[in-house]
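Everything on this sheet refers to the single structure shown next.
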Amino acid sequence: MAKISFNNSNNLFFQSLKASVDEYFKSKRIRKTGDWRLYTKASILAPAGVCIYISLLVFNLPVWLSLFLCGLFGFILASIGFNVMHDACHGSFSSRKWVNNLLGLSLNAIGGNAFFWKQKHNVIHHTYTNIDGVDDDIAQGIMLRQTPTQKWRPIHRYQHIYLPLAYAMTFFLWVNLSDFQKYFSKKINNTPLQPMDRKEHIIFWVTKVFYAIVYIVIPILVVGPVAWLIGYLTMGLVTGIVIAYIFQLAHAVEGPEFDSVGLEDKVIESEWAVHQIKTTANFAPKSKIISWFVGGLNFQVEHHLFPRISHIHYPALSRIVQEHCERFNLPYHCFPNLRMAVLSHVRTMKKMGQKA
């Protein structure tokens, strides 16, 4: 595959920004990892998910309440992913590596795979953000066209209409198909997968079997195949829609730029940090409720600049980042609320659906 590099010879922006951020933590005498606020969220979300799961299996609930709880269960799973897994896999949940590695496996507990995620997300997406041909987050298959350089198909004219349906399938495709594609092809999009040692092979298969037993076999045996199927679809649809929209609002909206790479090596003229600024957007920064549930992923600009800092610090860091963007004449993409970000995403997908 082609080699991509950034022109970091004059990285004054990030040097200055990093110095200011380091000074912030030094002056506050706090760690860059999580604190009681993050631990509290984890201690609420995980037991809530377990309690809902058990309630659906043990109690004879009305249909409407069962469906509601299945949807809520899907939402809780997504929130566990945003808050616990995401910080842990970035090494920012705790200052202890073993804690991060253990909690990173919460992704495996809800159907995914932490080993693949760390390469797909931490390495590829965070390095080559919005670069078509490398960034797997904008490689959504033939049904969705997210960049001007991706192949156009007639069905893309309607992609802004069927977006919810496409995103609803995200969770099912992820845990039941794409993980296995990565495992057997040993690739993430066009990037070769780092070799898996024996431990990672065992974790992959054991946790996939665990997922099948917990989310499929046990519920079928307890409530029957029809009730299970309805509940499983409800859970997965909610999880998929929430995950897809939250991550897409960071990059596939009006403002952030796209790039592409072919077979030849490419040098991005800006420094890596400036590339992150130009390709990323925030949304609803003043909403404490949204920030709580999405694990600070409404502060994606700060997250892409400092992925190893826990999301609980992003609201404070955003002021420092904005000041530096103004000083260095750089854009700071931010939508004041969730509604405006979603509408911008829909407009972007509608634009990408038009034939050039």
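The values are calculated or read from the model by the stated rules, or taken from the named source; none is laboratory data. All figures in this text were calculated on a predicted structure; none of them were measured in a lab. No Cβ is skipped: glycine too gets one built from the backbone with ideal geometry, and neighbour counts run over all protein chains shown. Keep in mind that these areas ignore ligands, DNA and RNA; they rest on the heavy atoms of the full protein, side chains included. Shrake-Rupley method; radii C 1.70, N 1.55, O 1.52, S 1.80 Å.
Checked against the criteria, F306 counts as touching a residue at least 40 places away in the same chain (Cβ under 8 Å) and open to solvent by 10 Å² or more (accessible area, probe 1.4 Å). For region 186-232, the tally of residues that are within 25 Å of the chain's Cα centre (by Cα) and open to solvent by less than 60 Å² (accessible area, probe 1.4 Å) stands at 17.
Answer yes or no as to whether G236 is surrounded by fewer than 20 Cβ atoms within 10 Å (Cβ to Cβ) and of a type outside the set (A, V, I, L, M, F, W, C). So G236 fails the test. All of F14, F73 fail the test of being in a helix (DSSP H, G or I), over 29 Å from F210 (Cα atoms) and open to solvent by less than 60 Å² (accessible area, probe 1.4 Å), apart from F14. There is no residue in region 254-265 that is at pLDDT below 95, under 20 Å from the mean Cα position of the chain (by Cα), among the β-branched types (V, I, T) and not in a helix (DSSP H, G or I).
Per the listing L343, L317, L338, the residue uniquely more than 19 Å from the chain's Cα centre (by Cα) and over 28 Å from N100 (Cα atoms) is L343.
Looking at the structure I just gave you, is R319 farther than 27 Å from S27 by Cβ and charged (D, E, K, R)? Against the criterion (farther than 27 Å from S27 by Cβ and charged (D, E, K, R)), R319 does not qualify.
Among the residues in region 341-349, are any open to solvent by 30 Å² or more (accessible area, probe 1.4 Å), touching a residue at least 40 places away in the same chain (Cβ under 8 Å) and touching an Asp or Glu at 6+ places or on another chain (Cβ under 8 Å)?
yes
Checked against (1) open to solvent by less than 40 Å² (accessible area, probe 1.4 Å); (2) assigned to a loop (DSSP other than H, G, I, E, B); (3) in contact (Cβ under 8 Å) with a residue 60 or more places away in the chain; (4) within 24 Å of V123 (Cβ to Cβ), L330 passes all but condition (4).
Evaluate the following for R339: is it closer than 25 Å to D87 by Cα, charged (D, E, K, R) and modelled with pLDDT of 95 or more? It is false that R339 is closer than 25 Å to D87 by Cα, charged (D, E, K, R) and modelled with pLDDT of 95 or more. The number of residues in region 267-302 that are surrounded by 17 or more Cβ atoms within 10 Å (Cβ to Cβ), outside any loop (DSSP other than H, G, I, E, B) and among the charged types (D, E, K, R) comes to 2. Scan region 77-121 for residues that are in contact with an Asp or Glu (Cβ under 6 Å, 6 or more places away or on another chain), farther than 20 Å from G296 by Cα and open to solvent by 20 Å² or more (accessible area, probe 1.4 Å) and the total you get is 1.
If the condition is being assigned to a helix (DSSP H, G or I) and among the charged types (D, E, K, R), then region 155-197 contributes R157, D179, K182. Taking (1) of a type in the set (D, E); (2) within 19 Å of T147 (Cβ to Cβ); (3) buried (at least 22 other Cβ atoms within 10 Å of the Cβ) in turn, E254 satisfies each apart from (3).
Looking only at region 25-45, residues that are in a helix (DSSP H, G or I) and open to solvent by less than 50 Å² (accessible area, probe 1.4 Å) come to 5 in all.
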